[in-house]
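Structure record follows, encoded as structure tokens.
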Amino acid sequence: MIKDLVYVIPAGKFNKDELKSLLNNHPEIKFASLVGIDLAGNDTDEKIPIQIFTKDMDDFFNGNAVQTDGSSVVLTGIATLNNAKLDMLADGSVNWIVDYNYEHIDEETGKPVGTLRIPAFLVHNGLRVDSRSILAQSLEYIKAELKELFQKNDKIAGLDHINGADVEDIIFTAATELEFWVKTPANKAEVEELSASQVLQEQYWQRTRGNVRTAMEQAIITMSKYGLEPEMGHKEVGGVKATIDETGHLNHVMEQLEIDWKFSNALQCADNELLARIIVKEAFRANGLEVTFKAKPIIGVAGSGEHTHVGIAAKLKSGKIINLFAPTDMRKAFLSAIGYGAIMGLLKHYEVINPFISSTNDSLNRLKPGFEAPVCIVTSLGHNPSVPSRNRTILAGLVRDVNNPMATRFEVRSPNPYTNTYIAITAFYMGMLDGIKAAVNSGKSLEELDTELSKDAGQQGFYLETDRAYRSEHDVFDDYSEEERNRLFGKPPATVWENMQNISNYPDKVKTMTTGGAFRPELVKAFVAGALVRWKTELLNRIIPENLDIVKEAKPLHDADFASDLDLSNWEKINALRLCLAKDCFSQKSMFTRIKDAIQAGDYDTASQLQIEMSDKVNELKLLYRQYEKNMIHIC
């Protein structure tokens, strides 16, 4: 009977009467839930009896059916305690899905109880204020701007095969790649063991086994039922080989995995990514495994990214779909003028895009040299148009197939699984729009646009900034020193505070993000305020207590009768770090206390700088203590 379950209600397939009939014929669907996305990417989930939904369906589409307390979600400075009411407006333009609880079987039908999850918009004081609205309304604005651009330009460089007057519609395509760590609850693996396995490449593309294999297969099958069209699931670079317990089952699981699925339109892509996370977590939980989507769950080992692919296509009046990034001759040029403009706009504005991509301590922990995570604002196209580039050290790379122009797109490598995909895609496309306009309106040839993107630092261009370089076909980590990277491509922010300061430091670039009225300045301000609240709270209530535990666990192990001079020297260094980090005295406060004092005083510059120093000292402490511990010989 379970084969008769309804998983997806495709956008536009049913009118209201047909939808009511479908729900009446599936009494296992007991609830409806309007899913709004706040500015931090959190989704709402409430249980509304399905009878109420079907009875008052018109009200759900008019925003008159469901209200919620906006002070309980991340809409900082918008939904306040004295003005917190939010209306929830159902979105009929995307797919709806039925979320089944396989642990709760309906007695009447023998099927799992289902909840109809309906993507929704959040409305405050008559204005939409949620992440889904920011993306949906931004895309409408960008679409109108691009259609106008084609109306004014019959021919655009690199798009000789189409006439601007023939463009009927603009299509935004996007896809994400979900990486995650999975482990047996309560089990840990040593960082050295994980690091060695990573360097030896023992896990990447290896065969999955046991309950990990089962959970992976179940997740992929379930994603197919929901129409996500999964393309691949595989092991990633991180992890160690599991052990077998006395019952013959795999135990001590600690692995990094990835699942990819087919692209879709940009808004549906973001909805699909949220659904994929739910499916993955439930599939692995049902098999006794924990999943984390943190960007850097284990310091010193590969983190998890969520590479985001973005493209733009045009639908012609004939019905034909044309990739607007792909040039007419794929073997003679890398990109069309629109493609060159898109990557230039993304890179030029990345200082103010980055705050929306990396807004947590966890996200910035991942963006460090040495783990294939991008730290520089730079792109790679390839050495020549006939040979696609697969440079994994850059921020945004060109993905193309000379035999398939429709595959041409940009892969942005900085997002992680907890990046707010709705706002990330918004920021990418808004930056791209600015560059596209500049490239097309300049009237420059593809060769001139390639020269602009490839210019050296210090060379003046018509659009890109003079003191920066934006393209490299080299290994950014191995072929440049840190000083060279910072000089050529800009110094990356080290803390959430530094990243959010770019919103204040680059007002002209922020204006590009807010043009069109969808991503309004008050929403940008609310996003930043929410990120800073989380930064301060996590720093005080999680990071410092966790580091204090590390300090307390670093106890003396040597015996005075058997200690070597190296033991004594190591312990002296370790104890000095412990005292510096955690011990207050009359003459000097500890680093932990100084951070707390700086935050309480509102001196966030000092708190940010001390956070960097604290991180360095804690890492030094952990390294020294491991060396000290390994030199101990216990004599019975």
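The values are calculated or read from the model by the stated rules, or taken from the named source; none is laboratory data. This is a predicted model, so every value here is computed, not measured. Cβ sites come from the backbone with ideal geometry, for glycine too, and all protein chains shown count toward neighbours.
Spot the failing condition for Ser304; the list is (1) crowded, with 20+ Cβ neighbours inside 10 Å; (2) among the hydroxyl-bearing types (Ser, Thr, Tyr); (3) at pLDDT 95 or above, and only one is missed.
The number of the failed condition is (3).
Under 7 Å by Cβ, and 6 or more places apart or on different chains, what pairs join a residue from the stretch 478-506 that is under 23 Å from Asp362 (Cβ atoms) with one that is surrounded by fewer than 16 Cβ atoms within 10 Å (Cβ to Cβ)?
Ala494/Ile612; Thr495/Ile612
In the stretch 43-60, what residues are surrounded by 15 or more Cβ atoms within 10 Å (Cβ to Cβ) and either under 34 Å from the mean Cα position of the chain (by Cα) or not assigned by TED's automatic domain parsing to the domain that holds Val73 (or both)?
Asp43, Thr44, Ile48, Ile50, Phe53, Met57, Phe60
Please determine, by comparing only the residues of the stretch 326-373 that are assigned to a loop (DSSP other than H, G, I, E, B), of a type outside the set (Gly, Ala, Ser) and over 23 Å from the mean Cα position of the chain (by Cα), which one is farthest from Ala157 (Cα to Cα).
Going through the qualifying residues, I end up with Arg331.
Filter the stretch 476-491 for residues that are among the charged types (D, E, K, R) and part of a loop (DSSP other than H, G, I, E, B); which is modelled with the lowest pLDDT?
Asp478
Do you know which of the residues in the stretch 557-591 that are among the charged types (D, E, K, R), assigned to a loop (DSSP other than H, G, I, E, B) and exposed (fewer than 14 other Cβ atoms within 10 Å of the Cβ) is farthest from the chain's Cα centre (by Cα)?
Among them, the one singled out is Asp561.
Restricting the stretch 515-561 to residues that are under 27 Å from Ala576 (Cβ atoms) and among the small types (Gly, Ala, Ser), which is modelled with the highest pLDDT?
Ala554
Go through the stretch 599-636 and count every residue that is surrounded by 19 or more Cβ atoms within 10 Å (Cβ to Cβ) and small (Gly, Ala, Ser).
Looking only at that region, the number is 2.
Going by the structure shown, is Phe462 surrounded by fewer than 21 Cβ atoms within 10 Å (Cβ to Cβ) and either in the same structural domain as Arg390 (by TED's automatic domain parsing) or in contact (Cβ under 8 Å) with a residue 60 or more places away in the chain (or both)?
Working: surrounded by fewer than 21 Cβ atoms within 10 Å (Cβ to Cβ): yes; either in the same structural domain as Arg390 (by TED's automatic domain parsing) or in contact (Cβ under 8 Å) with a residue 60 or more places away in the chain (or both): yes.
Against the criterion (surrounded by fewer than 21 Cβ atoms within 10 Å (Cβ to Cβ) and either in the same structural domain as Arg390 (by TED's automatic domain parsing) or in contact (Cβ under 8 Å) with a residue 60 or more places away in the chain (or both)), Phe462 qualifies.
Out of Ile544, Ile612, Ile595, report the one residue that is among the aliphatic types (A, V, I, L, M), touching a residue at least 24 places away in the same chain (Cβ under 8 Å) and in contact with a Lys or Arg (Cβ under 9 Å, 6 or more places away or on another chain).
Just a single option satisfies the conditions, and that option is Ile544.
Each row is one residue, and each column tells you yes or no for (1) surrounded by 14 or more Cβ atoms within 10 Å (Cβ to Cβ); (2) under 25 Å from the mean Cα position of the chain (by Cα); (3) assigned by TED's automatic domain parsing to the domain that holds Glu447; (4) modelled with pLDDT of 95 or more.
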residue: Ser138; (1), (2), (3), (4): yes, yes, yes, yes
residue: Glu148; (1), (2), (3), (4): no, no, yes, yes
residue: Val167; (1), (2), (3), (4): yes, no, yes, yes
residue: Ala174; (1), (2), (3), (4): yes, yes, yes, yes
residue: Phe180; (1), (2), (3), (4): yes, yes, yes, no
residue: Thr184; (1), (2), (3), (4): yes, yes, yes, no
residue: Ala189; (1), (2), (3), (4): yes, no, yes, no
residue: Leu200; (1), (2), (3), (4): no, no, yes, no
residue: Tyr204; (1), (2), (3), (4): yes, yes, yes, no
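Out of Ser93, Ser21, Ser71, which single residue is among the hydroxyl-bearing types (Ser, Thr, Tyr) and in a loop (DSSP other than H, G, I, E, B)?
Among Ser93, Ser21, Ser71, only Ser93 is among the hydroxyl-bearing types (Ser, Thr, Tyr) and in a loop (DSSP other than H, G, I, E, B).
For Pro374, state whether it is in contact with a helix residue (DSSP H, G or I) (Cβ under 8 Å, 6 or more places away or on another chain), under 18 Å from Ala302 (Cβ atoms) and in contact (Cβ under 8 Å) with a residue 24 or more places away in the chain.
Judged against the criteria, Pro374 is not a match.
Give the stretch 615-636 a look and list any residue that's closer than 20 Å to Ala582 by Cα and free of Cβ contacts under 8 Å to residues at least 12 places away in the same chain, or say none.
Correct list: Ser615, Asp616, Leu623.
Out of Phe410, Phe428, I need the residue that is within 30 Å of Val301 (Cβ to Cβ), aromatic (Phe, Trp, Tyr), part of a helix (DSSP H, G or I) and touching a residue at least 24 places away in the same chain (Cβ under 8 Å). Which one?
Working: Phe410 fails: part of a helix (DSSP H, G or I).
The unique qualifying residue is Phe428.
Of the conditions (1) touching a Lys or Arg at 6+ places or on another chain (Cβ under 8 Å); (2) surrounded by fewer than 13 Cβ atoms within 10 Å (Cβ to Cβ), Asp467 satisfies every one except a single condition; which number is it?
Here Asp467 meets the rest and fails (1).
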